[in-house]
Amino acid sequence: VSGGVVFASGQGPLDPVTGDIVGDTIEEQVDATLANVERVLHTAGCELSDIVRTDVYLADFEEFSRYDAAYRKRLGGHKPARTTVGAEIGVIKVEINAIADASAA
């Protein structure tokens, strides 16, 4: 947290206790990744609805439409600024960085 802004970097679909990858599909991994983002935000008193920007890295950009549907479902009507790119991210399918406004927290 800096200047009323929360920076949550490098969240992936990993179980926070075991470190195991959660989910086999892009939809399951997006949901698990956003759950981890949400955990980080909660430590600063924020919610997913406080996100103002995300950077998303996809291992397979061909899965964009499926990722996008899962992302939108998890965030509901909230639409932060977002950049999505294809990237070499190892064995996971998605990684998400988020910036949130903590001033309301």
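Applying 1/(1 + (r/R0)^6) with r as the Cβ-Cβ distance of R82 and D20 and R0 = 30 angstrom yields a FRET efficiency of 0.65. Put a plus charge on the Cβ of each Lys and Arg, a minus charge on the Cβ of each Asp and Glu, and nothing anywhere else: the dipole of the chain about its Cα centre is then about 420 debye. Per residue, the chain reaches -9500 deg cm²/dmol at 222 nm when only DSSP H runs of four or more residues are counted, each adding -39500 (n - 2.57). When only alpha carbons are used to place a centre, region 23-67 and region 83-101 end up 8 Å from one another.
Just the protein heavy atoms count here, and of the accessible area of the chain at 1.4 Å, carbon and sulfur take up 50 percent.
DSSP beta bridges confined to the chain are antiparallel in about 70 percent of cases. Taking the C-alpha atoms only, the angle from helix 64-75 to the longest principal axis of the chain is near 30 degrees.
Multiplying the residue separation of R72 and F7 by 0.36 nm and subtracting their alpha-carbon distance yields 21.4 nm. Stretching V91 away from R39 to a fully extended chain increases their span by 16.5 nm, per 0.36 nm per residue minus the current alpha-carbon distance. Protein heavy-atom accessible surface, 1.4 Å probe, per residue over the chain: 54 Å².
The values are calculated or read from the model by the stated rules, or taken from the named source; none is laboratory data. Only a predicted model underlies this, so the values are computations on that prediction, with no experimental measurement involved. Positions of Cβ are generated from backbone atoms using ideal geometry, with glycine treated the same way; all protein chains shown enter the neighbour counts. In case anyone asks, the SASA skips ligands and DNA or RNA and just uses the protein heavy atoms, side chains included. Shrake-Rupley method; radii C 1.70, N 1.55, O 1.52, S 1.80 Å.
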